[in-house]
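To start, the structure itself, in structure tokens.
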Protein chains: 4
Amino acid sequence: MTARTTPSSTERTPPRARAGADKRDAILTAALALFVERGFHGTAVPEIADRAGVGAGTIYRHFESKEAVVNELYRRHKQLLATRVLADFPAECVAREQFRALWHRMARYVADEPLGFAFLELHNHRSYLDAESRAIEARIRDFGVAFLQAAQRRGEVRATEPMILIGIVMGAFIGLVRFAAECKLTLDDDAWRAAEQCVWEAIRS
Amino acid sequence: MTARTTPSSTERTPPRARAGADKRDAILTAALALFVERGFHGTAVPEIADRAGVGAGTIYRHFESKEAVVNELYRRHKQLLATRVLADFPAECVAREQFRALWHRMARYVADEPLGFAFLELHNHRSYLDAESRAIEARIRDFGVAFLQAAQRRGEVRATEPMILIGIVMGAFIGLVRFAAECKLTLDDDAWRAAEQCVWEAIRS
Amino acid sequence: MTARTTPSSTERTPPRARAGADKRDAILTAALALFVERGFHGTAVPEIADRAGVGAGTIYRHFESKEAVVNELYRRHKQLLATRVLADFPAECVAREQFRALWHRMARYVADEPLGFAFLELHNHRSYLDAESRAIEARIRDFGVAFLQAAQRRGEVRATEPMILIGIVMGAFIGLVRFAAECKLTLDDDAWRAAEQCVWEAIRS
Amino acid sequence: MTARTTPSSTERTPPRARAGADKRDAILTAALALFVERGFHGTAVPEIADRAGVGAGTIYRHFESKEAVVNELYRRHKQLLATRVLADFPAECVAREQFRALWHRMARYVADEPLGFAFLELHNHRSYLDAESRAIEARIRDFGVAFLQAAQRRGEVRATEPMILIGIVMGAFIGLVRFAAECKLTLDDDAWRAAEQCVWEAIRS
DNA sequence: CATGAATGAGTATTCATTCAT
DNA sequence: CATGAATGAATACTCATTCAT
């Protein structure tokens with residue numbers, strides 16, 4: 001346990017005792033919540049430090065700058081999403097099954113990492129994202145296009161421009177999550193299944 | 001009132017081209033572009049003044065504060081969207097026709113006011129929107145729910161929770177626009193029609 | 001303070017119809033009240049214009065700058081005080097009578113021009129008063145010193161350094177007015193007479 | 001910015017002469033001098049920072065706002081004056097002795113804290129003083145009234161309205177200090193004693 | 001002459017970043 | 001390594017002054 005000079009001990013730190021280097025994680029967790037709540041420009045570095053339970057200077061021991069924090073966060077969560085969704089993709093199944101798998105994996109990601117998902121959906125990433133962060137984004141899109149084209153060739157998905165279909169599917173997914181959040185509607189398994197069925201109808205041949 | 005026909009390129013207006021009261025418009029136009037590009041908190045007031053071709057102080061002659069500018073912008077564009085989409089709604093048609101009408105009106109709005117649409121889709125409006133601005137938002141959503149429920153009662157739209165269907169439809173629409181923008185894909189009439197057909201399949205009974 | 005919609009004419013102007021050049025007076029009157037209330041640096045030029053019922057630009061038609069206004073005000077009121085107090089000074093009377101005359105003339109000035117007196121007593125005139133304004137001040141003090149020295153030579157006033165006596169007398173007068181104002185105590189003729197008697201005791205031989 | 005005439009005492013402290021917490025004191029000292037010289041509204045925060053030898057932001061680490069600085073200054077000096085003057089007041093002496101004690105204690109305060117005294121005498125405190133600051137003021141005045149009334153009951157002080165007498169005495173004291181300052185006259189012990197005798201004559205029965 | 005919209009330098013205050021402890 | 005006080009550049013906003021009408 002790191003020595004704390006101030007009399008008050010565990011102020012904001014998460015319950016588990018913290019071993020040395022995962023201050024970095026505390027910073028990222030705090031930053032994630034604040035960026036989602038107030039946006040990148042609307043969040044002050046000392047606020048992040050405060051919520052993470054570390055000194056303001058400590059952030060600069062782990063990250064080059066505030067922008068480095070947001071980029072790390074972006075890459076980390078985009079990567080996590082990609083891994084969760086694409087790992088062990090059922091390449092041999094029919095498109096219907098593949099789509100169902102994709103959809104529910106995304107749904108599980110949203111359930112497990114609601115802040116991470118909300119963060120990725122924040123707009124205006126453009127102004128601070130670096131090249132590497134952008135590359136991950138492209139990788140996922142390319143996978144989606146490849147999947148759709150294969151299914152189209154097999155006549156399982158309608159023959160519309162793949163980018164349009166991706167826009168519709170991803171948009172529907174994101175819209176579903178956002179509207180549910182706005183209306184304080186909890187999405188249970190049935191809701192997710194129903195929605196999945198709807199969206200499949202949109203792209204099936 | 002001066003008609004604004006071209007959606008394009010009215011930036012850094014020539015010093016003596018404007019008369020009196022449309023300095024207010026110049027400020028709103030400049031702010032719109034900058035908020036879309038860098039977000040509310042990422043945009044400095046002098047930047048807005050600069051781009052509008054006015055002095056920094058002039059902004060405060062027309063608006064109480066920076067927040068008053070975003071709120072005006074939000075209300076104005078939300079209102080415009082609502083009017084464009086809901087005016088003379090074909091109440092007697094079958095759902096299929098009504099849906100087509102809604103879709104293409106939204107498409108036309110996006111084509112005419114790309115920045116306005118992008119602005120409305122910006123997240124984190126929460127932190128600065130006032131009560132009046134929020135009320136307009138609710139009005140539009142309520143209309144959508146009413147439309148869907150009526151169609152469901154007539155058996156023309158599938159009997160899924162209306163908020164889920166709205167999330168899917170609106171999300172698909174927004175996703176389509178965003179992905180197209182990101183991939184520098186221009187959406188022509190055919191593309192809009194094809195997408196409309198896809199999304200209708202998602203909600204039809 | 002807020003936007004002015006009506007193009008109407010006489011909004012704040014005092015009842016009497018205004019003939020051309022006495023806008024200058026309206027400006028001075030407005031400035032006097034505001035300077036007393038909020039100080040020179042705490043008063044904005046448009047506020048003065050507003051209270052005077054003239055346009056902001058009009059002030060610059062009559063005065064070089066904000067500092068010119070305060071200097072004019074200072075000179076005008078100092079001059080008025082000097083005239084009121086020193087004109088037809090009873091040079092042949094005994095010091096007791098002369099003192100009584102001075103005291104009650106000052107009292108009458110305060111009663112007639114409470115704002116003017118309060119303004120002259122404002123501190124920090126130093127930072128904006130010009131040479132001419134300062135000269136008037138000196139002239140009055142010199143007269144007081146001469147009066148006291150003459151009375152001291154005749155053995156009617158105690159032989160203490162004249163500047164000290166002036167400080168005491170003027171200070172007592174000002175203190176009286178200020179404390180009365182602070183305690184919302186109105187000074188009637190009896191009070192003024194009683195106070196005069198007290199202060200005379202302080203300097204008589 | 002302006003010319004600095006006095007080569008005296010504590011200005012622009014040597015960069016590394018101070019330790020930790022007395023940066024707060026440096027700020028207060030700098031603010032005191034500037035407020036006396038140019039008034040509250042006439043003093044810019046960066047000027048205070050400059051004179052205190054600290055960064056502009058540092059002021060906001062120690063004080064909520066510019067107004068918090070004046071209020072602290074006011075309370076601190078009013079308190080100091082009250083303590084110095086009222087502590088161990090000779091309650092058993094005759095009024096003549098009590099008056100002498102009060103007078104010379106005030107004189108010593110002025111000698112020790114000339115800027116503090118000048119600051120307290122600044123007008124227009126009204127616009128920024130908070131309730132607590134005002135309460136101290138009233139406490140001192142009440143003490144003066146009580147002292148005078150007791151002496152009047154014993155027949156040692158003339159039977160005039162106490163507020164009038166206080167106005168005269170305090171006014172004379174303040175006037176003395178101001179006129180002396182304006183004329184660059186140094187008040188030595190003899191001058192203070194002579195003045196005290198004069199003012200006592202004004203109120204004795 | 002009078003006006004008030006427009007201006008930009010100036011104000012109080014915040015915040016990303018540094019560095020002595 | 002960790003800290004948080006200190007910094008000064010940057011921000012939102014104000015105001016003395018100008019000038020086209």
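The values are calculated or read from the model by the stated rules, or taken from the named source; none is laboratory data. Since the structure is predicted, the reported quantities are computational estimates derived from the model, not experimental observations. When we count neighbours, we look across all protein chains shown, and the Cβ atoms used for this are built from the backbone with ideal geometry, even at glycine.
What the table shows:
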| quantity | calculated |
| --- | --- |
| Helices (runs of 4 or more DSSP H) fully within segment A:101-205 counting 1 or more residues that are more than 18 Å from the chain's Cα centre (by Cα), modelled with pLDDT under 95 and assigned by TED's automatic domain parsing to the domain that holds A:ASP88 | A:131-153, A:162-182, A:189-203 |
| Counted residues, segment D:39-54 - those being away from DNA strand F (no atom under 11 Å from the Cβ), farther than 23 Å from C:LEU122 by Cα and either within 21 Å of the chain's Cα centre (by Cα) or not in a helix (DSSP H, G or I) (or both) | 0 |
| Extreme residue, nearest to DNA strand E (Cβ to nearest atom), among residues of segment C:55-77 that are small (Gly, Ala, Ser) and outside any helix (DSSP H, G or I) | C:GLY55 |
| Unique match (being closer than 22 Å to A:PRO162 by Cα, of a type outside the set (Ser, Thr, Tyr) and in contact with an Asp or Glu (Cβ under 6 Å, 6 or more places away or on another chain)) among B:ALA111, B:ALA195, B:ALA191, B:ALA202 | B:ALA202 |
| Residues being of a type in the set (A, V, I, L, M), out of contact with any Lys or Arg (no Cβ under 8 Å at 6 or more places or on another chain) and under 24 Å from B:VAL199 (Cα atoms) - total across segment A:123-160 | 6 |
| Residues within segment B:81-91 that are part of a helix (DSSP H, G or I) and out of contact with any helix residue (DSSP H, G or I) (no Cβ under 7 Å at 6 or more places or on another chain), tallied | 1 |
| Of all residues making up segment C:58-83, the number that are within 13 Å of DNA strand F (Cβ to nearest atom) and either surrounded by fewer than 17 Cβ atoms within 10 Å (Cβ to Cβ) or more than 10 Å from C:ILE27 (Cβ to Cβ) (or both) | 10 |
| Among the candidates A:LEU80, A:LEU73, A:LEU115, residue that is in contact with a Phe, Trp or Tyr (Cβ under 7 Å, 6 or more places away or on another chain) and either among the hydrophobic types (A, V, I, L, M, F, W, C) or under 18 Å from A:GLU196 (Cα atoms) (or both) | A:LEU73 |
| Odd one out for C:ALA3 among (1) modelled with pLDDT under 95; (2) in the same structural domain as C:ARG139 (by TED's automatic domain parsing) | (2) |
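Every residue, every condition in (1) surrounded by 17 or more Cβ atoms within 10 Å (Cβ to Cβ); (2) over 30 Å from A:PHE35 (Cα atoms), yes or no:
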{"site": "B:TYR109", "(1), (2)": "yes, yes"}
{"site": "B:ASP130", "(1), (2)": "no, no"}
{"site": "B:PHE143", "(1), (2)": "no, yes"}
{"site": "B:LEU148", "(1), (2)": "yes, yes"}
{"site": "B:ILE168", "(1), (2)": "yes, no"}
{"site": "B:GLY175", "(1), (2)": "yes, no"}
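Matching residues to (1) touching a residue at least 24 places away in the same chain (Cβ under 8 Å); (2) away from chain A (no Cβ under 14 Å); (3) touching a helix residue (DSSP H, G or I) at 6+ places or on another chain (Cβ under 7 Å):
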residue: B:LEU73; (1), (2), (3): yes, yes, yes
residue: B:VAL94; (1), (2), (3): yes, yes, no
residue: B:LEU115; (1), (2), (3): yes, no, yes
residue: B:ALA159; (1), (2), (3): yes, no, yes
